[in-house]
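Please read the structure below before turning to the comments.
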Amino acid sequence: MDWDLFDGFDRVEKVKQRLAEEEAARAELEIQRLDTILDVWSSYYAVLTSRRRVQFAQATLSSSQENFDASQAFFENGLATITELVSAQNDLAAARSQRIRATADYFTAIASLTLAMGAPVTTASKEGSSSKNPPAAPSVPPSTKPQKTPAHFSDGSSRAF
């Protein structure tokens, strides 16, 4: 049997080293925990913000549709020029595009929140059914395809825009 009576405090230093490593691991764990909390809250507020953007884009789309319908009626009655009609149609297309982008951003924010929470990726729950899941997307009208709108010209011809 071989015993070292004095190891030059090697064993004490190893214990101190292990304790320091344990403390560093605990600090790293706390940093990760706080980062996760920050990610979840940031993602949650991104969902709320993007949801408001979808609502705003839907209101803009409704307004643009009404403006286009009015411009078309004015044009058909000879009270507006083709330039005004095309401008209203351009605004309507831009509003549709804005709503599509806002909806895509909303779904991306929901996916980010789901990832940050560590939950499995599934479809969004019904509005208000669970506080753990993000709210469902606001309803989007089924007519998302651009509709061709006929324009009638003074020479009797018509074209679809």
Can you confirm whether the stretch 83-101 contains a residue that is closer than 30 Å to residue 36 by Cβ, in contact with a Pro (Cβ under 6 Å, 6 or more places away or on another chain) and either of a type outside the set (Lys, Arg) or assigned to a helix (DSSP H, G or I) (or both)?
-> no
Only one of these is buried (at least 17 other Cβ atoms within 10 Å of the Cβ), in contact with a Lys or Arg (Cβ under 6 Å, 6 or more places away or on another chain) and modelled with pLDDT of 95 or more: 102, 95, 88. Name it.
-> 102
Subset of the stretch 50-84, residues under 18 Å from residue 104 (Cβ atoms) and hydroxyl-bearing (Ser, Thr, Tyr), comes to 50, 60
Positions within the stretch 63-108 being under 33 Å from the mean Cα position of the chain (by Cα) and of a type in the set (Phe, Trp, Tyr), in sequence order | 68, 106, 107
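Restricting to the stretch 1-57, count the residues that are of a type in the set (Asp, Glu), exposed (fewer than 12 other Cβ atoms within 10 Å of the Cβ) and in a helix (DSSP H, G or I). Talk me through it step by step, then tell me what you get.
Applying the first criterion (of a type in the set (Asp, Glu)) to the stretch 1-57 yields 2, 4, 7, 10, 13, 21-23, 28, 30, 35, 39.
If we keep only those that are exposed (fewer than 12 other Cβ atoms within 10 Å of the Cβ) too, we end up with 2, 4, 7, 10, 13, 21-23, 28, 30, 35.
Checking which are in a helix (DSSP H, G or I) leaves us with 10, 13, 21-23, 28, 30, 35.
Looking only at that region, the number is 8.
The values are calculated or read from the model by the stated rules, or taken from the named source; none is laboratory data. Keep in mind that what you see is a predicted model, and the values were worked out from it rather than measured. Heads up, the Cβs are rebuilt from the backbone with ideal geometry, glycines too, and the neighbour counts pull from every protein chain shown.
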